[in-house]
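Below is one structure, written out as structure tokens; the observations come after it.
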Amino acid sequence: MKLFHLVIACSLFVAACSPATLVTKSGQSGPKSEIVSPKNVILLIGDGMDDHQITIARNYLVGAQGRLTLDKLPHRSISQILTVADADPSQVLYVADSANSATAMATGKITSRGRIATTAGTDQDIATIVELAGAAGFKTGVVSTASVTDATPASFYAHVSARGCENPLMMKDALLYKRIKVDCSQDLKANGGLGSISEQLLNSQLDLALGGGLKHFSPKAEGSDLSVLERSNAAGFKVMTSVEQLTDAGMDKRWLGLFSPSTMPVRLRGEDARGAEKPKAGLNGLEKPEPMSCEKEPEFAGVPDLKLMTQRALSRLSHDNNKGFFLMIESASIDKQSHARKACGSIGEVAQLNEALDSALAFAETHPQTLIIVTADHGQAAQLIPELSVFSGFGFPVNTPGKIVRIRTPENALLVVNYATNDFMQAEHTGVNVPVLTNMVGRDLVPAMIAQPEIFGIMKDYLGL
């Protein structure tokens with residue numbers, strides 16, 4: 001057993017076996033029934049949600065002069081993203097992925113791309129905010145529109161050398177992005193590891209995990225004739241796969257919501273599922289793609305939205321809870337749709353995060369010691385560019401080397417989004433700073449600029465861990 005796991009286990013034993021000490025309003029300890037208000041932390045992560053993504057979504061959703069709830073939070077900071085090379089952790093890299101950036105927020109440590117709460121180079125497990133909070137008696141949960149085993153949520157409860165090791169069949173000779181070989185054989189239970197990410201979820205401190213990823217619980221658990229899903233009941237989880245089951249779930253068990261095979265369907269898509277397109281050669285130079293509108297994604301109607309998952313998670317974690325909780329909420333497909341160069345999809349997922357924030361703020365109104373932090377893990381490829389270049393007066397066409405999408409907005413204007421990080425099958429992350437937004441509770445806790453690992457320290461200190 002690695003050292004920090006021994007510490008966590010000891011902490012759990014003390015929390016379970018020590019007599020409860022209640023604190024009165026006067027600050028004196030004693031067997032009084034009056035308990036101070038519990039402290040809660042709600043961390044909302046827009047995956048890939050830099051200021052370009054927010055601006056593009058704002059323009060479409062509420063207009064250029066409108067304001068999202070994101071824009072109205074009383075304190076604004078920025079986060080610098082930090083990454084190192086795995087082969088040489090002293091070597092700085094400038095662009096992160098979701099695994100190492102989520103690990104920074106979950107553990108306070110800088111690591112290399114692809115790692116889930118493990119150190120670069122040495123592959124040591126790092127204690128996460130979920131583990132520390134759970135050991136101290138706080139309830140914990142993760143909510144995501146991706147698979148609950150995807151890089152961002154996994155970094156808060158699991159430890160594995162590569163993000164692609166999401167289920168027992170992916171621990172060796174699996175392919176990330178259908179091409180890059182992944183080998184987590186050192187993390188197999190048979191080799192002294194903790195197993196795949198889905199198996200680790202069952203053994204984690206989590207009181208709930210809601211999102212997609214049913215396919216990662218279907219394989220048999222390592223060394224067992226039962227699937228990971230079949231073992232979830234013994235781990236104390238109530239499995240839910242529908243909106244109705246989520247709405248009606250009781251409060252007596254842990255919750256495992258798996259509402260799609262992998263990433264959950266997005267809310268919006270381009271007309272006829274169009275994304276960005278490369279300008280084509282014409283008689284007058286390169287011709288831009290035809291404008292389009294955003295439309296509803298038909299598959300979205302069959303799954304719970306992020307707002308409902310957030311509301312239910314808040315109800316479950318606050319139920320019969322005088323200690324407090326930690327909850328991470330991720331709108332994952334701001335990033336995933338930007339990789340696919342689908343601006344309408346990203347816009348709809350910013351809208352989902354904004355609605356989840358509305359629910360978090362409503363909860364905080366009746367639970368005043370709730371710290372709300374909204375941020376992103378890294379930047380993404382989307383750029384808002386002019387419909388008519390300032391250089392068009394030169395007398396010849398001026399075009400992007402990338403792919404663009406031209407979206408008709410409710411303001412009867414054209415929103416032009418450019419993807420030019422590469423000319424490959426998917427767009428890439430960027431190394432830009434990302435916003436950090438908080439409610440009033442965070443006003444004096446978050447400086448004007450922070451390094452991403454400091455988010456962990458802010459949350460840890462606020463909960464008194």
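The values are calculated or read from the model by the stated rules, or taken from the named source; none is laboratory data. Source: prediction; values computed, not measured. When we count neighbours, we look across all protein chains shown, and the Cβ atoms used for this are built from the backbone with ideal geometry, even at glycine. Just the protein is used for accessible areas: all its heavy atoms, side chains included, with ligands, DNA and RNA removed. Shrake-Rupley method; radii C 1.70, N 1.55, O 1.52, S 1.80 Å.
Listed values, structure above:
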| read-out | value |
| --- | --- |
| Cα shape, segment 184-272, gyration tensor, a/c 1.5 rule | oblate |
| Residue among Leu414, Gly379, His159 farthest towards the positive dipole end of the chain, charges placed on Cβ | His159 |
| Separation in nanometres of the label points that stand 7 Å from Cα toward Cβ, at Asp461 and Ser315 | 3.6 |
| Cβ charges +1 (Lys, Arg) and -1 (Asp, Glu), total dipole of the chain, debye | 240 |
| Helix-only [θ]222 nm of the chain, DSSP H runs n ≥ 4, -39500 (n - 2.57) each, per residue, nearest 500 | -7500 deg cm²/dmol |
| Residue among Met459, Leu286, Gly63 farthest towards the positive dipole end of the chain, charges placed on Cβ | Met459 |
| Student exercise, segment 132-240 dipole from Lys, Arg, Asp, Glu Cβ charges, in Debye to nearest 20 | 200 |
| Prolate/oblate/rounded label for segment 27-162 (Cα gyration tensor, a/c 1.5) | oblate |
| Listed residue (Leu206, Met425, Val228) projecting farthest to the positive dipole end of the chain, Cβ model | Leu206 |
| From the C-alpha gyration tensor of segment 374-450, square roots of 5λ in Å | 33, 17, 13 |
| Lys, Arg +1 and Asp, Glu -1 on Cβ, resulting dipole of segment 175-309 about Cα centre, debye, nearest 20 | 340 |
| Highest to lowest packing among 328-337, 314-323, scored as the average C-beta count within 10 Å | 328-337, 314-323 |
| Segment 118-193: trypsin sites (Lys or Arg not before Pro) falling in loop per DSSP and having at most 13 other Cβ within 10 Å | Lys178, Arg179 |
| If the convex hull is drawn through the Cα atoms of segment 282-418, its volume per residue in Å³ | 151 |
| Fully extended contour minus Cα-Cα distance, from Thr241 to Gln91, at 0.36 nm per residue | 49.6 nm |
| Cα long-axis angle, helix 51-61 against the chain (0 to 90 degrees, to the nearest 10) | 70 |
| Taking the convex hull of Cα positions in segment 118-189, its mean projected area over all directions (nm²) | 5.6 |
| Aspartates and glutamates with Cα under 15 Å of Lys220, excluding same-chain neighbours fewer than 8 positions away | Glu166, Glu199, Glu230 |
| Inter-site label distance for Lys181 and Thr55 at 7 Å from Cα along Cβ, in nm | 4.4 |
| Cα shape, segment 142-293, gyration tensor, a/c 1.5 rule | oblate |
| Cα-based equivalent ellipsoid, segment 246-325: semi-axes from gyration tensor eigenvalues, Å | 44, 13, 10 |
| Long pairs among Lys172/Lys215; Lys181/Lys215; Lys181/Lys253; Lys172/Lys296; Lys39/Lys307, criterion Cα-Cα beyond 27 Å | Lys181/Lys253; Lys172/Lys296 |
| Partners for Lys278 among aspartates and glutamates (Cα-Cα distance below 16 Å; same-chain residues under 8 apart left out) | Glu287, Glu290, Glu387, Asp423 |
| Kirkwood hydrodynamic radius (C-alpha pairs) into Stokes-Einstein, the chain, 20 °C and 1.002 mPa s, D in µm²/s | 93 |
| For the chain, accessible area per residue (1.4 Å probe, heavy atoms of protein chains only), Å² | 43 |
